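The values are calculated or read from the model by the stated rules, or taken from the named source; none is laboratory data. Quick caveat: nothing in here was measured; it's all calculated off a predicted structure. Using ideal geometry, Cβ is built from the backbone for each residue, glycine included, and neighbour counts are taken over all protein chains shown.
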């Protein structure tokens, strides 16, 4: 079985990290939930203002130094 993931490398500090489809979907879901909450606030739903915002992780940003000067590529691994 093959597993696909994204390998990213920071041009500033040289840090290398990997993330998969699950992390991408989680980040996108959190962003959409925050947008939905913001739209409810705009429509006058005041309880939506107290709903805590989800933390959105920018997967293209280096987790070590915070730089956005990164490159990424899709890699496949063979899993027994």
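Assorted remarks:
- Of all residues in segment 10-25, exactly one satisfies the criterion of being farther than 12 Å from residue 69 by Cα and assigned to a loop (DSSP other than H, G, I, E, B), namely 20.
- Test: residue in segment 42-61 that is assigned to a strand (DSSP E or B) and modelled with pLDDT of 90 or more: no
- Checklist (1) surrounded by 14 or more Cβ atoms within 10 Å (Cβ to Cβ); (2) assigned to a loop (DSSP other than H, G, I, E, B); (3) modelled with pLDDT of 90 or more applied to residue 66, failing item: (1)
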